[in-house]
């Protein structure tokens, strides 16, 4: 197992956000995590990446059989866990191109112009500054590729991108990450990413718990489309967990 | 930050010894005491007879940046300088001024009174770099006089401050002239007092003062910035402070004085700390906490 999360309970301040999450991801596996806004998906992503804003009260996160629950974010990145942020913060005065060179471990990034993405404004601007929401997603993806991960967590990579760019981004993910054996956890509330990737496993998170899991993403998607997230607890798949 | 080729400086002084004066064509460079004797008009600007310092008179357009370098090299060395820079009408000049200590523990004193004159339509881009030892006392006091239609872009950068820095700048802007001052200072184990006074005297003169100050390692930074509009002027004052540790403090005092109803003066001032979210973000990119803090500081100071 590449990533193993066992009975994870997490608080932000005094509020319990994650309430006993269990999640396993194998090497090369593609996993999709669906859930409505506020269900705890982003907190889960941040906790896996090592954000100390969130306190683990119970449970354990292991990566390649090593307990990483108390590791710093940079050590997790060095081990191979890389998060593509949903809303990356602005870093004033730091030019994206310089930053990318600083963190780059991948030869691919040296041929960045071949990616067929409109990235000139990203390259010229400061990190996450004066660029659109879609460009931020592309910026995140380029950084992810530069860091040569073993596991990528894409937090809402499919929101804010137009169809054309989403397609290109997904092609890039396929070619530069998935085909090279990188495992991926796609976090999404709208499920658009499922038009491009056929996951090995699809999960649904509600109120800090993973309430549903299936290998058949179509069944889950159709259930959500039909009943909405609020009615997921009544989903027939739930009894098959 | 040390100047790489001090031998190329047009004026180069170590402690109180002038090592080199090289004036290019169109520029006259002298010790200020020599100029004081040679040109009676110099006395209009240098009120007292100077003992040390430079006189630079740019008479014709030059295509190279003027460079001065003044260093402290000996233990307890004391420099008291009177400098005068005059740029003649319509010239477009760049000047780089380096003042530094060659060692970290000299306990030196660097005091400089400087006058900069921009004649009608002159333009000066002036980069002033300071790099000091931890035990030095530094007290520069500069006055800039901008005649009609002239323009000054003045960048002061100090990323290695002395134990104590008292830095005063006065700017007087006549009709249609423009002052753009940017001060970048990284305070570590230091006590700094900055005073920036800008008098917009002539009609349509404009001024922009930007301060970016970082206080780290028990530093105490105080900045008083004042813009006065005497005429139909526009001016903006932007002061930003970044506080790194709890033992440090930053005090920003923006002051706008409007003496003409058609003038427009504005200011923004803020003091903040490094955002935890930014730190975490950079750490998820593989940077250590220290590397991430340095990157944020360097970005803030546009290093």
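Here are the numbers:
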read-out: Residues being surrounded by fewer than 20 Cβ atoms within 10 Å (Cβ to Cβ) and within 24 Å of residue B:65 (Cα to Cα) - total across region B:99-110; value: 1
read-out: Criterion (modelled with pLDDT of 90 or more and out of contact with any strand residue (DSSP E or B) (no Cβ under 7 Å at 6 or more places or on another chain)) met by exactly one of A:226, A:209, A:219, A:180; value: A:180
read-out: Sole residue being surrounded by fewer than 18 Cβ atoms within 10 Å (Cβ to Cβ) and more than 20 Å from the chain's Cα centre (by Cα), chosen from B:36, B:75; value: B:75
read-out: Region B:185-203, residues that are outside any loop (DSSP other than H, G, I, E, B) and crowded, with 19+ Cβ neighbours inside 10 Å; value: B:185, B:186, B:187, B:192, B:194, B:196, B:198, B:199, B:200
read-out: Subset of region A:61-89 (residues that are within 24 Å of residue B:295 (Cα to Cα), free of Cβ contacts under 8 Å to residues at least 60 places away in the same chain and either surrounded by fewer than 18 Cβ atoms within 10 Å (Cβ to Cβ) or more than 9 Å from chain B (Cβ to nearest Cβ) (or both)); value: A:71, A:72, A:75, A:78, A:87, A:89
read-out: Which numbered condition residue A:94 misses (of (1) within 10 Å of chain B (Cβ to nearest Cβ); (2) touching a helix residue (DSSP H, G or I) at 6+ places or on another chain (Cβ under 6 Å); (3) closer than 30 Å to residue A:4 by Cβ); value: (3)
read-out: Close pairs (8 angstrom Cβ cut-off, 6 or more residues apart or separate chains): without any contact (Cβ under 8 Å) to a residue 24 or more places away in the chain in region A:125-143, assigned to a helix (DSSP H, G or I) anywhere; value: A:130/A:121; A:131/A:121; A:131/A:122; A:131/A:139; A:135/A:121; A:135/A:122
read-out: Subset tally (residues that are surrounded by 18 or more Cβ atoms within 10 Å (Cβ to Cβ) and over 17 Å from the mean Cα position of the chain (by Cα)) for region B:83-93; value: 3
read-out: Single match in B:278, B:196 (criterion: touching a strand residue (DSSP E or B) at 6+ places or on another chain (Cβ under 7 Å) and within 13 Å of chain A (Cβ to nearest Cβ)); value: B:278
read-out: Single unsatisfied condition, residue A:53 versus (1) farther than 15 Å from residue B:279 by Cα; (2) surrounded by fewer than 21 Cβ atoms within 10 Å (Cβ to Cβ); (3) at the interface with another protein chain (Cβ under 9 Å from one of its Cβ atoms); (4) in contact (Cβ under 8 Å) with a residue 40 or more places away in the chain; value: (1)
read-out: Single residue of B:113, B:96 found to be surrounded by fewer than 20 Cβ atoms within 10 Å (Cβ to Cβ), in a strand (DSSP E or B) and within 21 Å of the chain's Cα centre (by Cα); value: B:96
read-out: Residues that are surrounded by fewer than 20 Cβ atoms within 10 Å (Cβ to Cβ) and either more than 13 Å from residue A:31 (Cβ to Cβ) or touching a helix residue (DSSP H, G or I) at 6+ places or on another chain (Cβ under 7 Å) (or both), drawn from region A:199-213; value: A:206, A:207, A:209, A:211
read-out: Filtered residues of region B:281-297 (kept if facing chain A (nearest Cβ under 7 Å) and surrounded by fewer than 16 Cβ atoms within 10 Å (Cβ to Cβ)); value: B:288
read-out: Flag for residue A:40 being more than 13 Å from every other protein chain (Cβ to nearest Cβ) and either at pLDDT 95 or above or touching a helix residue (DSSP H, G or I) at 6+ places or on another chain (Cβ under 6 Å) (or both); value: yes
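The values are calculated or read from the model by the stated rules, or taken from the named source; none is laboratory data. In this text the structure is predicted, and so the values were computed from the model without any measurement. Positions of Cβ are generated from backbone atoms using ideal geometry, with glycine treated the same way; all protein chains shown enter the neighbour counts.
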